[in-house]
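Report on one structure; see the data block that follows.
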Amino acid sequence: MTAQREVFIQALFEKAKNDKDIVLISADMGAGALDKWREELPEQFFTTGIAEQNAINFAAGQAAQGKKVFVFLMACWAARCLEQIRYSCAVANNPITILANGIGLGYAPSGPAHCPTEDIAYMRSINNIEIITPANSNFTMQLVDYILDNPKLRHLRLERNYAKEMESYYAEDWSGYDNFDSNIISQGINPIKLNGEKAALLSCGYMLGRTINSQEQLLASGTETSVYDIWQAKNIDIKLFYKTFNIYEKLITVEEQSLSGGFGSMISELNSDSRLNKPLLRIGLPDKYIFENGSRDHLLDTNGLSVNNIYKQCARFVNNK
Amino acid sequence: MTTQELEIKAKSVRKRIFDFKTRSGVGHLASCLSIVDALVSLYHDDNTRFNHKKDKLIFSKAHGSPAVYPILTDLGYFDEDELNKYCTPEGILRLHSDSTIPGCHFVGGSLGNNIGYASGIAYKANFNVYVILGDAELYEGAVWESLMFIAHHKMNNMHLIVDRNQLGILGKTEELLKIEPLKEKFESFGFYTNQIDGHNFNEIKNEFSQDNSGGPKCTILNTVKGKGVSYMEDKWRYHTIIPKDENLIKQGREELS
């Protein structure tokens, strides 16, 4: 399993070798693929030091000059330069891509400062931004062409380690299911496992692994559900949403974020705005900062997101007539 | 233009700013008046290096940016009548200038950020970038992040202009929270720095006609907030107050005529 930052920067590096306009700005973040970039393309690399605000402002200016700009920072510090993302990029219409590494509890056990568990909420409040959570490295790699071909302000939420259950998805010949566009980079909704219509389980990123495992437990107990990867945290087409989920009795969201304004909130808005109006259960982290030692999996287990707990909540919700 | 002609032009610019500000009652009149002489010199004095057709002047203290509007009308960027429509639904001129206004760049209104943006457009560019910073704006940490970056990359096409009018919203900077010694701070960050009288056209001309081969440049302009209107000059309360009283407006217009 190769880290998402490595595959993205490596694939971007291959493009940058033939495109002088591609520039990468690191706010003192490293990656193996970055070492090669710095050595071979020093003119297309900048570091601002640990100075995220200047990184975004400089990036905005470079974008205004026609550069294709990527800013590499720790996901948690996007909050620190939220004003610059909003003001210098969104308001001023300067398209850059933020490579935000280590979402959710990905940096456990570094503590809550390093673990952005509200970033979907604050990033999606910015107008005209696109927020992408690739589920694995296959998907991440395919985003490079899409981003270069479609300039826009983007927040790319990269996993330090993605869910092993997602390893086989989104290979280059992966085309999802018959009723979906084979071009995965077009809609923000992808079916992962379609086993029944009692409920659709919607998730993204690392939590897809636990969602799939919960779905298997549900299936074993006779509750047939389906799992979807909702990899865009904004800009989901409302008609596609309605069409996709109208066949299900209920909707369940599973996220590694607190529930205030995050992934589940987005689905709730779509459920309401599309007049789909399905019963909806939102499962996520508690509204608190987690001061506990342990791995990401440990912290998820102790904070309400164990597979068994997700399964139980789903079963109760689905079978409660 | 001769020094005398520049002085006449500056007075005309100040009067028109005073007129559209008092008519609309919107914005930060005193913050505009302090920077007028430097702007008139940059745009109208052929001895200065700034070329408005090629170079970019970016207001980081964008609440002072309406000061440039009369200058831009004189240079034909938009009709004089736009000044009468300042901040009305029919007009194009805003409290904080932005790139929708001919002759203006980027957006305005968030202090501390436009200098970083300016460095992004200045990097290896074949034009000069001037950035107008307020002195109280220097409290923003993002400014100092950008200073380090600009100096490290030796961006000789960048010229910072600090409007050192000594006042923030709540009073004198040195009483509220010291920012001095400013010149030494900019010098220690790698900027070739001069501090001059921001209302003396000879000093301004001398400063802005020099080339930047010594490194990125910073000019600290000693200015008077509310310059030209005696009852506003150096009065911190006038940061957010625009005269409404008829007699005060009459007096201001007379003093600027």
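The values are calculated or read from the model by the stated rules, or taken from the named source; none is laboratory data. All figures in this text were calculated on a predicted structure; none of them were measured in a lab. Neighbour counts run over all protein chains shown; Cβ positions are idealised from the backbone, glycine included.
Would you mind listing the helices (runs of 4 or more DSSP H) fully within region A:1-67 where at least 1 residues are of a type in the set (Asp, Glu) and away from every other protein chain (no Cβ under 14 Å)?
Once the helices (runs of 4 or more DSSP H) in region A:1-67 are filtered for at least 1 residues that are of a type in the set (Asp, Glu) and away from every other protein chain (no Cβ under 14 Å), what remains is A:4-16, A:32-40.
If you check A:ALA108, A:ALA121, which single one turns out to be more than 14 Å from chain B (Cβ to nearest Cβ), under 30 Å from A:ARG296 (Cα atoms) and out of contact with any Cys (no Cβ under 8 Å at 6 or more places or on another chain)?
A:ALA121
State all residues of region A:86-95 that are assigned to a helix (DSSP H, G or I), more than 9 Å from every other protein chain (Cβ to nearest Cβ) and touching a helix residue (DSSP H, G or I) at 6+ places or on another chain (Cβ under 6 Å); if no residue qualifies, say none.
Of everything in region A:86-95, just one residue is assigned to a helix (DSSP H, G or I), more than 9 Å from every other protein chain (Cβ to nearest Cβ) and touching a helix residue (DSSP H, G or I) at 6+ places or on another chain (Cβ under 6 Å), namely A:CYS89.
So which residues in region A:38-53 are over 25 Å from A:ILE85 (Cα atoms) and either in contact with a helix residue (DSSP H, G or I) (Cβ under 9 Å, 6 or more places away or on another chain) or touching a residue at least 24 places away in the same chain (Cβ under 8 Å) (or both)?
Of everything in region A:38-53, those that are over 25 Å from A:ILE85 (Cα atoms) and either in contact with a helix residue (DSSP H, G or I) (Cβ under 9 Å, 6 or more places away or on another chain) or touching a residue at least 24 places away in the same chain (Cβ under 8 Å) (or both) turn out to be A:GLU40, A:LEU41.
Provide a single number: the residues in region A:96-112 that are free of Cβ contacts under 8 Å to residues at least 60 places away in the same chain, at negative phi and part of a loop (DSSP other than H, G, I, E, B).
The total comes to 2.
Counting only residues that are in a helix (DSSP H, G or I) and closer than 16 Å to B:GLY141 by Cα, how many does region A:72-84 have? Steps first, answer last, please.
Step one: list which residues in region A:72-84 are in a helix (DSSP H, G or I), which gives A:75-78, A:82-84.
Then drop every residue that is not closer than 16 Å to B:GLY141 by Cα, which leaves A:77, A:82-84.
Going through region A:72-84 one residue at a time, the tally reaches 4.
Which one is nearest to the other protein chains (Cβ to nearest Cβ) among residues in region B:98-131 that are in contact with a Leu (Cβ under 7 Å, 6 or more places away or on another chain) and among the hydrophobic types (A, V, I, L, M, F, W, C)?
B:ILE115
Of the residues that make up region A:201-221, is at least one assigned by TED's automatic domain parsing to the domain that holds A:LEU285, surrounded by fewer than 24 Cβ atoms within 10 Å (Cβ to Cβ) and part of a strand (DSSP E or B)?
Within region A:201-221, none of the residues are assigned by TED's automatic domain parsing to the domain that holds A:LEU285, surrounded by fewer than 24 Cβ atoms within 10 Å (Cβ to Cβ) and part of a strand (DSSP E or B).
Considering A:GLU224, A:GLU216, A:GLU256, which residue is under 20 Å from the mean Cα position of the chain (by Cα) and at pLDDT 95 or above?
A:GLU256
For region B:133-143, indicate whether the set of residues that are away from every other protein chain (no Cβ under 11 Å), in a loop (DSSP other than H, G, I, E, B) and not aromatic (Phe, Trp, Tyr) is non-empty.
Yes, region B:133-143 contains at least one residue that is away from every other protein chain (no Cβ under 11 Å), in a loop (DSSP other than H, G, I, E, B) and not aromatic (Phe, Trp, Tyr).
Name every residue in region B:15-47 that is of a type in the set (Val, Ile, Thr) and part of a helix (DSSP H, G or I), in order of residue number. I'd like the intermediate steps shown before the answer.
Applying the first criterion (of a type in the set (Val, Ile, Thr)) to region B:15-47 yields B:17, B:22, B:26, B:35-36, B:40.
Selection gives B:ILE17, B:THR22, B:VAL36, B:VAL40.
Give the residue that is nearest to A:GLY104 (Cα to Cα), with candidates limited to residues of region A:230-253 that are among the charged types (D, E, K, R) and modelled with pLDDT of 95 or more. Steps first, answer last, please.
In the first step, residues of region A:230-253 are kept if they are among the charged types (D, E, K, R); the result is A:234, A:237, A:239, A:243, A:249-250.
Subset that is modelled with pLDDT of 95 or more: A:249-250.
On the way: A:GLU249: 29, A:LYS250: 26 Å.
Selected residue: A:LYS250.
Inspect all residues belonging to region B:142-159 and state whether any of them is buried (at least 16 other Cβ atoms within 10 Å of the Cβ), closer than 18 Å to B:GLN210 by Cα and in contact with a Ser or Thr (Cβ under 6 Å, 6 or more places away or on another chain).
No, region B:142-159 contains no residue that is buried (at least 16 other Cβ atoms within 10 Å of the Cβ), closer than 18 Å to B:GLN210 by Cα and in contact with a Ser or Thr (Cβ under 6 Å, 6 or more places away or on another chain).
Could you look through region B:69-95, keep only residues that are buried (at least 19 other Cβ atoms within 10 Å of the Cβ) and within 24 Å of B:VAL162 (Cβ to Cβ), and pick out the one that is nearest to the other protein chains (Cβ to nearest Cβ)?
Step one: of region B:69-95, the residues buried (at least 19 other Cβ atoms within 10 Å of the Cβ) are B:69-73, B:82-83, B:86, B:93-94.
Now narrow it down to the ones that are within 24 Å of B:VAL162 (Cβ to Cβ): B:69-72, B:94.
Working: B:TYR69: 20, B:PRO70: 25, B:ILE71: 23, B:LEU72: 20, B:ARG94: 13 Å.
Across region B:69-95, the extreme among qualifying residues is B:ARG94.
Looking at (1) farther than 21 Å from B:GLU207 by Cβ; (2) not in a helix (DSSP H, G or I), can you tell me which one B:GLY116 breaks?
So the condition that B:GLY116 fails would be (2).
Could you tell me whether A:PHE72 is away from chain B (no Cβ under 14 Å), under 19 Å from B:PHE149 (Cα atoms) and modelled with pLDDT of 95 or more? Explain how you work it out, then say what you get.
Working: away from chain B (no Cβ under 14 Å): yes; under 19 Å from B:PHE149 (Cα atoms): yes; modelled with pLDDT of 95 or more: yes.
In short, yes.
Could you check region B:186-244 and list, in sequence order, the residues that are assigned to a helix (DSSP H, G or I), farther than 23 Å from B:HIS63 by Cβ and of a type in the set (Lys, Arg)? First the steps, then the outcome.
Step one: filter region B:186-244 for residues assigned to a helix (DSSP H, G or I), giving B:186-188, B:201-209, B:236-239.
Those left that are additionally farther than 23 Å from B:HIS63 by Cβ: B:187-188, B:201-203, B:205-207, B:209.
The answer is B:LYS205, and nothing else.
I'm checking my understanding of the structure. Among residues of region A:146-171 that are assigned to a helix (DSSP H, G or I) and free of Cβ contacts under 8 Å to residues at least 40 places away in the same chain, which one is nearest to the chain's Cα centre (by Cα)?
Filtering region A:146-171 for residues that are assigned to a helix (DSSP H, G or I) and free of Cβ contacts under 8 Å to residues at least 40 places away in the same chain, the one nearest to the chain's Cα centre (by Cα) comes out as A:TYR146.
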